[in-house]
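Asker: Quick one: structure below, then a few questions.
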């Protein structure tokens, strides 16, 4: 197992981004993380890649692990595409001829014209920059591949190529963040995680959760042990609980003078 | 891997054109210094060595911050060795400085400014002294960009320290003992530059004091560089 996380949390300047992220990443079992914008997906991926520290919890990485990372926003660099891949390959100790061979094959795969190699990255289109991002991540066979929104900016055929490419990485543990549920489900059937109220949960678990909105905006603390999360606004409070506790908690809320505004199932 | 990282850093830095202001100012200074200064070649070499310190300081401060932060993550992971990744930054600046050392010595040699022929060993000593002062400049420059000091006050502190190191306060205030002693704890920029000046008209012969200053300067630069790498390895993950 290249990496495992146990109750990992991250805060910036005392503000919690997410908490209790627990997962193990294995080869042949791609993992996908979903969640709304700003929920902490990119932060979690950076922590997994090892470029950002976590605040609490435990991360165990296999010693000497080789990690590749494709960020969500690849920088607009002043290098020509071909030169950039050469630099990144040389840093990994790959020979120039092997890097060129790899670049040619990937250019063919993603349908990039040959002349783009000589184009400066910051002048490339959004889609081409994303393809360069993917190409640098696949330069060598890593033990762990971390990709943040890799499908963003890609055309339909390139999305298919990337899914095929991911399927070929059999000895690599892969973790991806993704916005589209259908794409996520094509990559993994059972290893889909969702950020729900600052905590990372398996999508199968989230379907067992219910969200209750109550008035006034303070739920009190008489059933804290059964609450997964609370989100208090000025005049309303949203609490998330397990479906099995719904009846009991609704009864307690009404008994304590709360008005139930809505009850909804949680969704990915 | 270190060589590949240095080539990449230099290529990135040159493309960023951040090198232009310090390099242009240095070349203009060099031309003016050798052409117009009436104080003699030996003093000129002292002054140019201080200019090399400022150039090295400036170049390293701008090179360390030239790489895009997201790209830094990617490069670090490709390198798979944080120590080598951070070490590559000062090594890149030291490599960039080599043509300037040569230029600084070549101009007076070609112009025939020396009153006598320099021995090969003396040319080597000058280049070694420039290298030491350049390395000290690099180490001070990266140290103040290692996130130990942050914000606008860090820039001010960096400028003040650079001024303190370049201006020989220990000579100006030689009657104030604490100032004189405090200088022995700071990077020995002026002391090393003094060694160049003191060669003067006499042929250089290696003595213990020169060796002691060389070891002192080298140790100081290595210590600051090691501290930079240590801090960056810790801070980059926060």
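Just so you know, all these numbers are worked out from the coordinates, no wet-lab data involved. Remember, predicted model here, so these are calculated numbers, not experimental data. Cβ placement follows ideal geometry from the backbone for every residue including glycine, while neighbour counts extend to all protein chains displayed.
Asker: Could you list A:22, A:31 so that the one with the fewest beta carbons within 10 Å of its beta carbon is first and the one with the most is last?
Answerer: Ascending Cβ contact count within 10 Å gives the list A:22, A:31.
Asker: Now, a different point. If each DSSP helix of 4+ residues adds -39,500 (n - 2.57) and the sum is divided by the residues in chain A, what number results at 222 nm, nearest 500 deg cm²/dmol?
Answerer: That calculation yields -9000 deg cm²/dmol at 222 nm.
Asker: P(r) for segment A:157-214: what percent of alpha-carbon pairs falls in each 10 Å bin, starting at zero?
Answerer: Pair shares across the bins are 17, 47, 24, 9, 3.
Asker: Provide the FRET efficiency to the nearest 0.05 for the residue A:256-residue B:160 pair, computing r from the beta carbons and using R0 = 56 Å.
Answerer: Efficiency computed from Cβ-Cβ geometry: 0.35.
Asker: A further question follows. Starting with the fewest neighbours, write out A:108, A:225 ranked by other beta-carbon atoms found within 10 Å of each beta-carbon.
Answerer: Details: A:108 10, A:225 7.
Ordered by Cβ neighbours within 10 Å, fewest first: A:225, A:108.
Asker: Separate question: Across the residues of A:80-93, average count of Cβ atoms on other protein chains within 10 Å?
Answerer: 5
Asker: Take every DSSP beta bridge whose two residues both sit in the protein assembly as shown, then give the antiparallel share in percent to the nearest 5. If you can, show how the numbers build up before the last one.
Answerer: Values: 36 of 52 bridges.
Beta bridges within the protein assembly as shown, antiparallel portion: roughly 70 percent.
Asker: Kirkwood Rh over Cα pairs of chain A into Stokes-Einstein at 4 °C, 1.567 mPa s: D in µm²/s?
Answerer: Result for D is 63 µm²/s.
Asker: Note down the nm distance, to one decimal, between modelled labels 7 Å out along Cα→Cβ at residue A:120 and at residue B:186.
Answerer: The modelled label-to-label distance comes out at 4.1 nm.
Asker: Report, as an integer, the average count of C-beta atoms from other chains found within 10 Å of each Cβ along B:67-73. Each step should come with its number before you reach the end.
Answerer: Details: counts 2, 5, 3, 11, 9, 2, 9.
That average works out to 6.
Asker: Then there's this: Could you give P(r) for segment A:78-168, binned at 5 Å from zero, as whole percent values over all Cα-Cα pairs?
Answerer: 3, 13, 27, 26, 21, 9, 1
Asker: Once every Cα of the protein assembly as shown carries one equal point scatterer and solvent is ignored, give the base-10 log of I(q)/I(0) from the Debye formula at q = 0.09, 0.13 Å⁻¹, two decimals.
Answerer: -0.78, -1.18
Asker: Given a Förster radius of 35 Å and the C-beta distance between residue A:108 and residue A:26 as r, what FRET efficiency does 1/(1 + (r/R0)^6) yield to the nearest 0.05?
Answerer: After rounding to 0.05, the efficiency reads 0.70.
Asker: As a footprinting exposure proxy, order A:157, B:139 by other Cβ within 10 Å, with the fewest listed first.
Answerer: A:157, B:139
Asker: Same structure again: Any idea what log10 I(q)/I(0) is at q = 0.19, 0.23 Å⁻¹ for segment A:126-223, Debye with uniform C-alpha scatterers and no solvent?
Answerer: -0.99, -1.33
Asker: Please compute the contact order of segment A:101-202 in relative form: average sequence separation of alpha-carbon pairs under 8 Å and at least six residues apart, divided by the residue count, as a percent. Write down the numbers at each step before the final one.
Answerer: Working: 73 pairs, mean separation 23.0, N = 102.
So the answer I get is 23 percent.
Asker: Now a separate question. If one takes the longest principal axis of the Cα atoms in chain A, at what angle in degrees, from 0 to 90 and to the nearest 10, does the Cα axis of helix A:126-137 lie?
Answerer: Roughly 80 degrees, rounded to the nearest 10.
Asker: Related question: On average, how many beta carbons from a partner chain sit within 10 Å of the beta carbon of a residue in B:14-21?
Answerer: Counting Cβ atoms of other protein chains within 10 Å of each residue's Cβ and averaging gives 1.
Asker: Expected output is a single nm value to one decimal: the length gained when fully extending between residue A:168 and residue A:11, i.e. 0.36 nm times separation in residues minus the C-alpha distance. What is it?
Answerer: That pair, residue A:168 and residue A:11, stretches by 52.9 nm at full extension.
Asker: With a ≥ b ≥ c the root eigenvalues of the C-alpha gyration tensor of segment B:1-137, is it rounded (a/c under 1.5), prolate (a/b larger than b/c) or oblate? Walk me through the numbers on the way to the answer.
Answerer: Numbers: a/c = 3.18, a/b = 2.14, b/c = 1.49.
Because a/c hits 1.5 or more and a/b exceeds b/c, segment B:1-137 counts as prolate.
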